[in-house]
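K.L.:
Let me give you the structure first, and then I'll get to my questions.
The values are calculated or read from the model by the stated rules, or taken from the named source; none is laboratory data. These numbers come from a predicted model, not from an experiment. For neighbour counting, all protein chains shown are included, and Cβ atoms are generated from backbone atoms with ideal geometry for every residue, glycine included.
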Amino acid sequence: MKEPKVTDFSALVGIDWADKKHDICEVEVGTKNYQYSIISSKPESIHNWATSLLKRYPNAQIAVACELTKGPLVYALSQHKHITLFPINPSSVSKYRETFSHSGAKDDPTDALIQAEILEFHMGKLRMIEPESAEIRILAQHVANRRKLVQERVKLSNKITAILKNYYPQALEWFKEKDTLIFCNFITKWPSLADAKKAQKRTLLSFFNQHNSRYPEVNEKRISEIKAAVALTDDRGVIEPNMLMVELLMPQMILMIEAIERLDK
């Protein structure tokens, strides 16, 4: 695609976004008539503002700069074909502000103006947001969401492991992976060593087989270790509060595992 030029647009707009409202600086190309406004971050407000641009600059393209590459504001503005989005690195805005301001202090209207000026004087160095196909963007978002869930699963697994070490450390030795359904379901069914030791051999074998753990040597070793295990402590003051925390956290871990499997599919 050809390099964008200021003359390709009828107006240049800088938006300094925030959670509740967006400060806007608009200038018609070829003039120095800067107009400032503030709109709500609500979808209706963004849509009405974008539509008003089309009324003021019919059949024209508007260049809009903001310090975002994605998010609600970008998603909303991307729906309007008369708007071309230019993301600007926040550090660039900060350095620009420091260069031309005595204090360098952040001021919303000023940052909106800065972005409009960067569009005017440095547009050739900026990249426009050119959305890929919906399928590619869906896949990219799924991958990003999966990565976040995996990070949360690791944190939750570490938390559960730390709690089990306080009263039921043997369970951590019986299962190699802690972020699996077999581990979660075992702890859910037998949340303490005392519970596990009460289980009959055939019940344990049935459980392992149901979870596709069909290695006789591994299962026999687990069962023998369960029966021979000695409790770390018999203190109810230690066991009961830790056991309750594990019981509360395990459903979260199971949901996390199932969610990641769903994203994998």
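K.L.:
Can you work out which of the residues in region 153-170 that are free of Cβ contacts under 8 Å to residues at least 60 places away in the same chain and aliphatic (A, V, I, L, M) is nearest to residue 261 (Cα to Cα)?
P.N.:
154
K.L.:
Which residue pairs have Cβ atoms closer than 7 Å, lie 6 or more positions apart in sequence or on different chains, and pair a first residue in region 25-44 that is more than 16 Å from residue 62 (Cα to Cα) with a second residue that is part of a loop (DSSP other than H, G, I, E, B) and among the charged types (D, E, K, R)?
P.N.:
41/19; 41/20
K.L.:
Let me ask something additional. Would you check if there is a residue in region 137-150 being more than 30 Å from residue 66 (Cα to Cα), out of contact with any strand residue (DSSP E or B) (no Cβ under 7 Å at 6 or more places or on another chain) and at pLDDT 95 or above?
P.N.:
Within region 137-150, one or more residues are more than 30 Å from residue 66 (Cα to Cα), out of contact with any strand residue (DSSP E or B) (no Cβ under 7 Å at 6 or more places or on another chain) and at pLDDT 95 or above.
K.L.:
Being polar (S, T, N, Q) and not in a helix (DSSP H, G or I) is the filter here; which residues of region 202-234 pass it?
P.N.:
The answer is 212, 213, 233.
K.L.:
A further question on this structure: Checking the structure you have, find out if any residue of region 68-77 is polar (S, T, N, Q) and touching a Phe, Trp or Tyr at 6+ places or on another chain (Cβ under 9 Å).
P.N.:
Scanning region 68-77, I find no residue that is polar (S, T, N, Q) and touching a Phe, Trp or Tyr at 6+ places or on another chain (Cβ under 9 Å), so the answer is no.
K.L.:
So the check is Cβ under 7 Å with 6+ separation or different chains; which pairs have a first residue in region 85-98 that's under 21 Å from residue 6 (Cβ atoms) and a second one that's among the small types (Gly, Ala, Ser) and crowded, with 17+ Cβ neighbours inside 10 Å?
P.N.:
From residues that are under 21 Å from residue 6 (Cβ atoms), the pairs are 86/63; 86/65; 88/65.
K.L.:
Within the group 42, 55, 81, which residue is closer than 21 Å to residue 120 by Cα and either among the small types (Gly, Ala, Ser) or modelled with pLDDT of 90 or more (or both)?
P.N.:
81
K.L.:
Looking at the structure I just gave you, is residue 21 free of Cβ contacts under 8 Å to residues at least 24 places away in the same chain, over 18 Å from residue 79 (Cα atoms) and surrounded by 15 or more Cβ atoms within 10 Å (Cβ to Cβ)?
P.N.:
So residue 21 fits the description; yes.
K.L.:
Identify, from the list 41, 52, the residue that is among the small types (Gly, Ala, Ser), more than 15 Å from residue 65 (Cβ to Cβ) and surrounded by 14 or more Cβ atoms within 10 Å (Cβ to Cβ).
P.N.:
None of the others qualify; the one that does is 41.
K.L.:
While we're on this one: Taking the stated definitions as given, is residue 63 in contact with a Phe, Trp or Tyr (Cβ under 6 Å, 6 or more places away or on another chain), in contact (Cβ under 8 Å) with a residue 12 or more places away in the chain and assigned by TED's automatic domain parsing to the domain that holds residue 123?
P.N.:
yes
K.L.:
Every residue in region 172-201 that is out of contact with any Asp or Glu (no Cβ under 6 Å at 6 or more places or on another chain), assigned to a loop (DSSP other than H, G, I, E, B) and either surrounded by 15 or more Cβ atoms within 10 Å (Cβ to Cβ) or outside the structural domain of residue 240 (by TED's automatic domain parsing) (or both), please.
P.N.:
175, 178, 179, 180, 190, 192, 199
K.L.:
With 250, 243 as the choices, which residue is surrounded by 11 or more Cβ atoms within 10 Å (Cβ to Cβ), among the hydrophobic types (A, V, I, L, M, F, W, C) and touching a Cys at 6+ places or on another chain (Cβ under 7 Å)?
P.N.:
Only one candidate qualifies: 250.
K.L.:
So which of 213, 206 ends up being in the same structural domain as residue 165 (by TED's automatic domain parsing), within 35 Å of the chain's Cα centre (by Cα) and among the hydroxyl-bearing types (Ser, Thr, Tyr)?
P.N.:
213
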